[in-house]
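Okay, structure first, notes after.
The values are calculated or read from the model by the stated rules, or taken from the named source; none is laboratory data. These figures come from a predicted structure and were not determined experimentally. So basically every Cβ, Gly included, is an ideal-geometry build from the backbone, and we count neighbours across all protein chains shown. Side chains included, ligands, DNA and RNA excluded: accessible areas come from the protein's heavy atoms. Shrake-Rupley method; radii C 1.70, N 1.55, O 1.52, S 1.80 Å.
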Amino acid sequence: MSDSPKPTKTGGLAGVNAGETAICTVGKEGYGLSYRGYTIEDLAARAGFEEVAYLLLHGHLPTRSQLTSYRTLLAESRGLPDPLKTALELLPADTHPMDVLRTGCSVLGCLEPERGLTRESAIAAGNRLLAAFPSMLLYWYHFTRDGQRIETQTDDPNIAAHFLHLLLGKPAPESHVRAMDVSLVLYAEHEFNASTFTVRVITSTLADFHSAIVGGIGALRGPLHGGANEAAMDLIDLYRTPDEAEQGLLGKLARKELIMGFGHRVYKKADPRSAIIQEKSRKLAEAAGDQVIYPVSERIDAVMRREKGMFTNLDFYSASAYRFLGIPTPMFTPIFVISRISGWTAHAIEQRERNRLIRPAADYTGPELREFVEIGKRG
Ligand code: ACO
């Protein structure tokens, strides 16, 4: 057992402002969640994901012709080089899809390394990953399941449609594509969260873009961060009725278990993204004639509010929404990557533009200085 001290309430950099950003506000008075000055409510209702990615990368919304060119660029970048396909084929079928993306990113960084560490090189590498992440994931998925080498260079109009088309083997209904697109908008950016901060730390050492993104994917994988959407689905899947969910949840709370998809480091009353994805999930449930997943989710939500005064974060209702879109649970966190690469790229650029090595200090809690004892004389 470790004898290191328990984490304290002052740990985890809670409440520490670790730098400046012009990209996003999270829970800021009068702003709420905003990307580059636009509220998340406006962006989710009125913009598509590519428009939002462009906004994050360039600092302003695209004109119609800029958006058309950007969509074309991304659509033309969906193909995978042969050595990357070979690497993906070598990964076992039971690899976690987050590890597939982490590996795919690293391999692409070897085949198409970033040249120059500039704003332009980061935008080019970020756009390539935006276009190629769905292709990598679904190429690996189909090859390891049934040996099929799928064509990833489709002419789907956007990333949401491309992802669902490659996953399901046929174009998805428009309502599903829009729900997926909104989800990508919601996941695109969130200030100095753990994975973005990781990207900034790695970028601050003047490492290349792919190294920073590989680190970001690693940080996102854990259930306290992005992995919570998968863990929330696993929780919902435990129950067949709302009453069963209520009983099960009360037991978990009595055992002081963490309930995934609830709580947030910054938001104290509500996560503004949650209501938006909940409404999508509710509509998808209705269209699918669901009588289990959504009612169970709502009951878990109600019990957490009643018993703990806690609210759902973005991950909770994203889980049921993705289930209704036909997405396997282990792909939930990879979708977070497919979207968040836009925010990570914006932060890598911002970090480079005013770079200083990120290197905080620590309060020492170890032993006093002591005599070194030769190996033969140690008790
Ligand atoms: N279930 C049950 N209790 C909880 C939960 C939860 N989900 N979240 C916090 N608490 C409790 C803690 O146990 C703690 O109780 P205590 O004071 O009795 O010890 C209290 O609420 C305060 O929580 P902290 O751990 O101090 O909150 P922190 O800011 O460190 O953690 C976090 C935030 C990691 C999001 C936490 O709420 C959590 O673990 N949630 C579940 C994982 C999750 O959903 N992550 C997704 C985050 S959002 C995203 O990535 C899109």
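As a length-normalised measure over Cα pairs under 8 Å and 6 or more apart, the relative contact order of the range 156-305 settles at 20 percent. Apolar share of the accessible surface for the chain: 53 percent from carbon plus sulfur atoms, 1.4 Å probe. Using Cα positions and a limit of under 17 Å, work out the aspartates and glutamates in reach of K268, with same-chain residues fewer than 8 apart set aside. Output for K268: E29, E191, D301, E307, D315.
Loop only per DSSP, at most 11 neighbouring Cβ atoms within 10 Å: give me the GluC sites (Glu not before Pro) in the range 24-111, ordered by residue number.
E29
Entry note, the range 228-324: relative contact order of 45 percent, from Cα contacts under 8 Å with a spacing of 6+ residues. Taking all protein chains together and rolling a 1.4 Å probe, T86 ends up with roughly 70 Å² accessible. Measuring with a 1.4 angstrom probe and ignoring ligands and nucleic acids, V373 comes out at about 60 Å² accessible.
In the complete set of protein chains, residue-level accessible area for F197 is approximately 50 Å², probe 1.4 angstrom. Accessible surface area normalised per residue over the chain is 50 Å², counting heavy atoms of protein chains with a 1.4 Å rolling probe. In loop segments of the range 109-182 as defined by DSSP, the trypsin sites (Lys or Arg not before Pro) with at most 15 further C-beta atoms inside 10 Å of their C-beta are R115, R149. When the C-alpha to C-alpha distance is required to be over 26 Å, the pairs from K85/K280; K170/K280; K28/K283 that qualify are K85/K280; K28/K283.
Here each label is just a point 7 Å from Cα along the line to Cβ, and for T154 and E112 those points are 1.9 nm apart. Over the chain, the pair-distance histogram of Cα-Cα distances with 20 Å bins from zero comes to 27, 56, 15, 2 percent, rounded to whole numbers.
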